[in-house]
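The values are calculated or read from the model by the stated rules, or taken from the named source; none is laboratory data. Just so it is clear, the model here is predicted, and its values are computed rather than measured. We place every Cβ from the backbone using ideal geometry, glycine too, and count neighbours over all the protein chains shown. In case anyone asks, the SASA skips ligands and DNA or RNA and just uses the protein heavy atoms, side chains included. Shrake-Rupley method; radii C 1.70, N 1.55, O 1.52, S 1.80 Å.
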Amino acid sequence: MSQATGNTYRHCQSLVRGLEILSALNRVPSASASIMDLCRVTGLHRTTVKRLLETLREEGYVEWEPATNYYRLTFRVQQLSYGYRESVSITETAWPLMRSLSKTLVWPCSLVAPEGDEMVVRVSTRSFSPLSFHPGMPGRRMSMLTTAAGRAFLAFSTDEVRENLLEILRSRTDEEGERSRDTRTVQEMIQLTRKRGYGQNLGEWQEEPKFGAVAVPLCHQGRVLVCLNIVFLLRAVKDKQAQHKIVAEMLHTRKLIEERFGMRG
């Protein structure tokens, strides 16, 4: 470490190099790259890049994909950006209205945001709902293509954001990757979701075949920030009238959240 201006603090080269790695990942397509890619971009030695990446991975700022041997940025990096402050702000705005929505519909609701090629639950009213079947949901990772929240986010995002996400999904070697490469089906899903006005799944997500969900995007200045999601037991919400009631209440709550959030800005 070299001496910085002033007599108290010293220049921390490791921190600077770690920030270089984050900056380099932020600039490359899909915010993901191999160790050798990052070596070329930053000029750092392979051992240094590997050590820094593993440190960042332990702290939750990057994740490693074994199938491709790529490292990519996680949602936590957004804590360092204006965009994350927007997400925090809309969560603060939404929370009391989410509580009211759950009280009206009884079913739990949550805010779900993208992280890489998956959706992640950020906050949930599950602890306040008598019909909660999934304790400890915040932090749970969900499919982008077969969940209501993922479908809503893809359908209502900008063309650029959507195509970047689909590009990441198409590089996967699992069932999600296979689904994403079925371009016709994906486009039909997006068009249907837009026409409907909300995302929906009625048991298609393999991890939760007994549950359905509906989700609406929460937008600000033309961008989808997060999705408001409600999960319900399929056998308890059988007819379309019951589903339409859920959707109507969600659309009303979305309007209130976006209006209040807009006034904060």
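Could you check how much of the accessible area of the chain is carbon and sulfur, as a whole percent, using a 1.4 Å probe? List each step's numbers first, then the result.
Values: 7340 of 14240 Å².
Summing carbon and sulfur atoms, their accessible area is 52 percent of the total for the chain.
Scanning the chain for GluC sites (Glu not before Pro) in DSSP loops with at most 13 other Cβ atoms within 10 Å, what's the longest stretch left with none? Don't jump to the answer; show the numbers that get you there.
Values: sites that count: Glu59, Glu207.
That would be 60-206.
Using 7 Å Cα-to-Cβ label points, what is the Ala67/Arg181 separation (nm, one decimal)?
So the label points at Ala67 and Arg181 sit 1.0 nm apart.
Taking the inverse of the average 1/r across all pairs of different Cα atoms in segment 198-265, what Kirkwood radius in Å do you get? If you can, show how the numbers build up before the last one.
Working: mean 1/r = 0.0770 Å⁻¹.
After inverting the pairwise mean of 1/r, the radius is 13.0 Å.
Only four residue types carry charge here, +1 at the Cβ of Lys and Arg and -1 at the Cβ of Asp and Glu. Report the dipole size of the chain about the Cα centre in Debye, rounded to the nearest 20.
Numbers: 37 positive and 29 negative charges, 117 e Å.
Value, rounded to 20: 560 debye.
Within the set of other residues whose C-beta is less than 10 Å from the C-beta of Glu178, count the net charge using Lys and Arg as +1 and Asp and Glu as -1.
Values: positive: Arg170, Arg172, Arg179, Arg181; negative: Asp174, Glu175, Glu176, Asp182.
Residues near Glu178 contribute 0 overall.
With springs connecting C-alpha atoms under 10 Å apart, model the chain as a Gaussian network and identify which of Met142, Met36, Met189 has the largest mean-square fluctuation.
Met36
Please report the orientation-averaged projected area of segment 16-70, defined via the convex hull of its C-alpha atoms, in nm². Provide the component values of the computation, followed by the final result.
Details: hull surface 13.7 nm².
The orientation-averaged projected area of the Cα hull of segment 16-70 comes to 3.4 nm².
Check the chain and count each lysine pair with an alpha-carbon distance under 25 angstrom, considering only pairs eight or more places apart or from different chains.
Total qualifying Lys-Lys pairs in the chain comes to 14.
Could you list which residues have their amide H under 5 Å from that of Leu218, counting only those 5 or more apart in sequence or on another chain, with H placed in the peptide plane?
So Leu218 has HN proximity to Leu225, Val226, Cys227, Leu228.
Under a crude label model (7 Å from the Cα following the beta-carbon direction), how far is Thr48 from Arg141 in nanometres?
Output for this residue pair reads 3.0 nm.
Which cross-chain or sequence-distant (5 or more) residues have an amide H under 5 Å from the amide H of Cys109, H modelled 1.01 Å from N in plane?
Under 5 Å from the amide H of Cys109 lie the amide H atoms of Thr125, Arg126, each far enough along the sequence or on another chain.
Comparing Arg151, Arg17, Arg72, which has the greatest mean-square fluctuation in the GNM of the chain with Cα pairs linked when under 10 Å apart?
Arg17
Can you list which of the trypsin sites (Lys or Arg not before Pro) found in segment 185-257 are DSSP loop residues with at most 13 other C-beta atoms within 10 Å? Write down the numbers at each step before the final one.
Values: sites: Arg194, Lys195, Arg196, Lys210, Arg223, Arg235, Lys238, Lys240, Lys245, Arg254, Lys255; in loops: Lys210, Arg235, Lys238.
Within segment 185-257, the qualifying trypsin sites (Lys or Arg not before Pro) (loop, at most 13 other Cβ atoms within 10 Å) are Lys210, Arg235, Lys238.
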